[in-house]
1. Assuming a ≥ b ≥ c are the square roots of the Cα gyration tensor eigenvalues, decide whether region 58-161 counts as rounded (a/c under 1.5), prolate (otherwise, with a/b larger than b/c) or oblate.
2. Roughly how tilted is helix 2-21, in degrees to the nearest 10 and between 0 and 90, from the longest Cα axis of the chain?
3. With θ set to phi - 60°, apply the Karplus curve 6.51 cos²θ - 1.76 cosθ + 1.60 along region 58-69 and write out the HN-Hα couplings as whole Hz, x wherever there is a Gly or Pro.
4. Can you list the residues, at least 5 places off or on another chain, whose amide H is less than 5 Å from the amide H of residue 215, using H built in the peptide plane?
5. Relative contact order, percent, of the chain when contacts are C-alpha pairs under 8 Å separated by at least 6 residues?
6. Candidates [x] 18.7; [y] 12.6; [z] 16.6; which is the computed mean projected area of the Cα convex hull in nm²?
7. Quick one: dipole size for the chain, taken about the Cα centre, charges +1 on Lys/Arg Cβ and -1 on Asp/Glu Cβ, in debye to the nearest 20.
Amino acid sequence: MFNRTMLAILFLSSGIGLAQVGSDALLQAPTTLPIVFTRTVSADRSRVGDSVLARTSQSVRLANGTVVPSGTEITGHVVAASPFVFVETPYASQKQASLSIQFDSLQLGGQTVPLNITVRAMADPIASWDARMPNVNDDSSSPSVTQIGGDQLNPSQTKVVSMQGDIVAYDRSGGVYAHLIANRRCDASSVEVSVGIYSASACGLYGFTDVSAQEVGSLAKPSTFTLISIRTSPKVWSHSTALLEVLPDRQTVAAR
């Protein structure tokens, strides 16, 4: 009877703890989420409200010790989609096409955890595939791999080095972890975060041609990502990848 009572208490207390970590405070800056998209969304085929589906591509350790496993589902939806239509009128300016998506939540331990993120970097399927393949010019027994952004990962070693030869990340059980390095709009971090196939300094779009990112997610408009183009209908293909970075809450920013 005692053992059953104790088990019940432990079960209830663990449930309370899980509810607590399921709050907005679970994901704190500068946590990063390396993800891979599992469904294509495009300005010419997707409609407002269509689902955006992705999953984490490596494990992510949170500040409270909780681990987000690799393969954790990320969900979102299409906010706006305006396809490219070529204007044939002589000397006419082409109208801007756009695709806007909202990252909504991740599923963790049976709970839906809201996302408050910026898209630090995104790569198309080809660039993402290349970041997993051995360098063709490396004829060693253990050829290196070039991370998105240029860092070099050697599968036989734990250290990841930059193009300048500095140690910038470590390949450990569960994935690659680094202190983020400031680059253009992207800030640095003083704690180790998950980066997956991305370099510590990766920032912006990789492999996307004729498109640019108008919105990437900010304190004013968190979790919203918008691609624009005057040449093609913007698209995020299945097997594209991204590095999401949790935004600081407004109170933290105000206290700085």
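1. Values: a/c = 3.50, a/b = 1.26, b/c = 2.77.
Taking the square roots of the gyration eigenvalues as a ≥ b ≥ c, region 58-161 is oblate.
2. That works out to roughly 30 degrees.
3. These are the phi-based 3J(HN,Hα) values: 7, 5, 10, 8, 8, 4, 8, x, 5, 10, 8, x Hz.
4. 226
5. Numbers: 604 pairs, mean separation 66.7, N = 256.
Here the relative contact order equals 26 percent.
6. Label [x] holds the value from this structure.
7. Here the chain has a charge dipole of around 480 debye.
Read-outs throughout are calculated quantities, based only on the coordinates presented, and are distinct from any laboratory measurement. Everything numeric in this text was worked out from a predicted model, so none of it was measured. Glycine gets a Cβ as well: all are built from the backbone with ideal geometry, and neighbour counts include every protein chain shown.
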